[in-house]
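Taking it in order: structure first as structure tokens, then the write-up.
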Amino acid sequence: MASKLRAAVIGCGSMGVHHTRGYLDTGRFEIAAISDMNPEVLDEMDARFGVDENYRPDRFTDPNRMLDSQRFDVVSVCTWHREHAVWTIAAATRKPGIIISEKPMAEDLGRAEEMRTVCERNGVKLAVAHQRRFLPSYVLARQMIADGMIGDVELMYSSAGWGLPNWSSHHADMYRFLLQDECAWVMGAVTRTTDRMERGTRIEDGAMAVFQFKRGTRCVLLSDVTGEIYQGASIYGSEGMIDLLPERVRVLGRDSGGQWITHAPNGRFYNVDADNFEYVEGAAAQANELANWAEGKIDEYRGEARNGYKALEMIMAVYESARLHEHVSLPLKTKVNPLDVMVEQGHLPVVYPGAYDIRGFKLHGEETMYDRAGE
Ligand SMILES: NC(=O)c1ccc[n+]([C@@H]2O[C@H](COP(=O)([O-])OP(=O)(O)OC[C@H]3O[C@@H](n4cnc5c(N)ncnc54)[C@H](O)[C@@H]3O)[C@@H](O)[C@H]2O)c1
């Protein structure tokens, strides 16, 4: 039997669990080490996965000690946004084969660029976990578009929430993945009168944006505007329409005889009706392709960091457009988070003071990111 790839996980909350399950589902990894600053979270991991023969991790409350303990084939970074760069850079200096960071890639483009630079300098492959690229419905919709089933794609609409970097970085990645095209410019508007935060980063109360793609498609995004929050899109072409969700694709196309046709393809690892399908199938399929990348079976990995960077860039361009009151061409020159600049320079005053984090309920124990950051 071929030896297993050795995976390590930093941050074992909800996404650390999904990454771990994904590695185990492939049968190609052993979980060699896990780290979380909260030992209770490590106990929960053992209780959840302890029955699997490929789960035999060394446990650490300090990720640095874990990274020094052995060389890993893959390291997952599943902490909150502002610690993606911290732990990716720390891991890269220990030269694992691959690092996969959760999305959004970083808190701003400058930090995302540092992640890429340090990985490149240390010969480490870097990925960002926009796992819906691996869902069969997304792959099918992409193929339908490439095959011209709805003609030229003129408009894509999607509605998201809980802050642009959080959910809408997935939407930005989806637009690029489905269209196989690059965004040329972005026009955006944000509203922010409360001191709203998400996993330790500032977010807006609501946003809307237009993303103009080079071959002509326009993507329209509403975030925290309608109350309607979903992953997927309504896609309008010159000869038909596609309605995409993580579990299924409906198409009214050139060849569908005037009828909507629904496809709900099973994944490679899970059936489409499995609980949490988009996460369990996404994490397993993502891990499987990571194994191919680690073993040199593929040169191009679908979630390579270039894509995570571009998704983040499109989101930061919405903020930059709101800051500058003009449409913003990509690549974006501003490397800090323009939302922070607007707030700190008084252009987006908090009318109703009092910071609150919409993911505050996720904090375990007494020590919070704010305590550690001295905020
Ligand atoms: N890809 C997706 O669809 C998806 C979905 C949800 C969340 N996410 C992303 O995953 C990331 C994690 O989110 P989550 O919901 O899993 O968070 P979480 O709060 O459930 O888990 C984070 C874990 O990291 C640990 N941690 C934090 N700082 C640490 C440190 N310095 N050292 C050791 N451990 C530390 C915490 O104790 C916690 O257990 C976020 O950036 C989020 O945006 C992605």
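The values are calculated or read from the model by the stated rules, or taken from the named source; none is laboratory data. Given the structure is predicted, the values throughout are model-derived calculations rather than measurements. Virtual Cβ from ideal backbone geometry, glycine too; neighbours counted across all protein chains shown. Just so you know, the surface numbers come from the protein's heavy atoms only, side chains and all, with ligands and any DNA or RNA stripped out. Shrake-Rupley method; radii C 1.70, N 1.55, O 1.52, S 1.80 Å.
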Original post:
Among the residues of the range 1-35, how many are over 19 Å from Leu67 (Cβ atoms), open to solvent by less than 10 Å² (accessible area, probe 1.4 Å) and more than 16 Å from the ligand (Cβ to nearest atom)?
Top reply: 0
**OP:** Sort out which residues of the range 129-146 are closer than 22 Å to Gly253 by Cβ, out of contact with any Phe, Trp or Tyr (no Cβ under 9 Å at 6 or more places or on another chain) and within 16 Å of the ligand (Cβ to nearest atom), and write them in order of number.
**Re:** Ser137
Original post:
Can you name every residue in the range 231-248 that is touching a Phe, Trp or Tyr at 6+ places or on another chain (Cβ under 9 Å) and part of a loop (DSSP other than H, G, I, E, B)?
Top reply: Gln231, Gly232, Leu245, Pro246, Glu247
**OP:** Write out, first by first residue and then by second, each pair whose Cβ atoms fall under 6 Å of each other, whose residues are 6+ apart or on separate chains, and whose first residue, in the range 283-303, is free of Cβ contacts under 8 Å to residues at least 40 places away in the same chain while the second is assigned to a loop (DSSP other than H, G, I, E, B).
**Re:** Asn292/Ile298
**OP:** Within the range 87-128, count every residue that is open to solvent by 10 Å² or more (accessible area, probe 1.4 Å), within 13 Å of the ligand (Cβ to nearest atom) and part of a loop (DSSP other than H, G, I, E, B).
**Re:** 2
Original post:
Among the residues of the range 1-26, which ones are out of contact with any Phe, Trp or Tyr (no Cβ under 6 Å at 6 or more places or on another chain) and outside any helix (DSSP H, G or I)?
Top reply: Met1, Ala2, Ser3, Val9, Gly11, Cys12, Gly13
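Report whether or not Leu140 is open to solvent by 10 Å² or more (accessible area, probe 1.4 Å), under 28 Å from Tyr236 (Cα atoms) and in contact (Cβ under 8 Å) with a residue 24 or more places away in the chain. Steps first, answer last, please.
Numbers: open to solvent by 10 Å² or more (accessible area, probe 1.4 Å): yes; under 28 Å from Tyr236 (Cα atoms): yes; in contact (Cβ under 8 Å) with a residue 24 or more places away in the chain: yes.
So Leu140 passes the test.
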Original post:
So, of the residues in the range 166-184 that are surrounded by fewer than 17 Cβ atoms within 10 Å (Cβ to Cβ) and of a type outside the set (Asp, Glu), which turns out to be nearest to Asp340 (Cα to Cα)?
Top reply: Ala184
Original post:
Taking the range 147-157 only, how many residues are more than 9 Å from Ile235 (Cβ to Cβ) and touching a helix residue (DSSP H, G or I) at 6+ places or on another chain (Cβ under 9 Å)?
Top reply: 1
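Being part of a helix (DSSP H, G or I) and under 26 Å from His19 (Cα atoms), is that true of even one residue in the range 254-267?
Keep residues of the range 254-267 that are part of a helix (DSSP H, G or I), which gives none.
Looking through the range 254-267, none of the residues is part of a helix (DSSP H, G or I) and under 26 Å from His19 (Cα atoms).
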Original post:
Which residue pairs have Cβ atoms closer than 6 Å, lie 6 or more positions apart in sequence or on different chains, and pair a first residue in the range 17-34 that is modelled with pLDDT of 95 or more with a second residue that is of a type in the set (Phe, Trp, Tyr) and away from the ligand (no atom under 16 Å from the Cβ)?
Top reply: Tyr23/Phe29; Asp25/Phe269; Ile31/Tyr55
Original post:
In the list Asp195, Asp255, which residue meets the criterion of being more than 14 Å from Ala141 (Cβ to Cβ), of a type outside the set (A, V, I, L, M, F, W, C) and at pLDDT below 95?
Top reply: Asp255
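So that you can scan it fast, the table gives a plain yes or no per residue for (1) charged (D, E, K, R); (2) closer than 27 Å to Gly13 by Cα; (3) open to solvent by less than 30 Å² (accessible area, probe 1.4 Å):
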| residue | (1), (2), (3) |
| --- | --- |
| Val225 | no, no, no |
| Ile235 | no, no, yes |
| Asn266 | no, yes, no |
| Asp273 | yes, yes, no |
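State all residues of the range 129-147 that are outside any helix (DSSP H, G or I) and closer than 18 Å to Glu182 by Cα; if no residue qualifies, say none.
Residues of the range 129-147 outside any helix (DSSP H, G or I): 129-130, 135, 147.
Scanning the range 129-147 gives a single hit, His130.
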Original post:
So which residues in the range 49-93 are touching a residue at least 60 places away in the same chain (Cβ under 8 Å) and touching a Lys or Arg at 6+ places or on another chain (Cβ under 6 Å)?
Top reply: Phe72, Asp73, Trp80, His81
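Checking the structure you have, find out if any residue of the range 51-59 is more than 8 Å from the ligand (Cβ to nearest atom), in a strand (DSSP E or B) and among the hydroxyl-bearing types (Ser, Thr, Tyr).
The first filter runs over the range 51-59 and keeps only residues more than 8 Å from the ligand (Cβ to nearest atom), leaving 51-59.
Add one more test, that the residue is in a strand (DSSP E or B), and what stays is 55-59.
Still in the list and also among the hydroxyl-bearing types (Ser, Thr, Tyr): 55.
Checking the range 51-59: at least one residue is more than 8 Å from the ligand (Cβ to nearest atom), in a strand (DSSP E or B) and among the hydroxyl-bearing types (Ser, Thr, Tyr).
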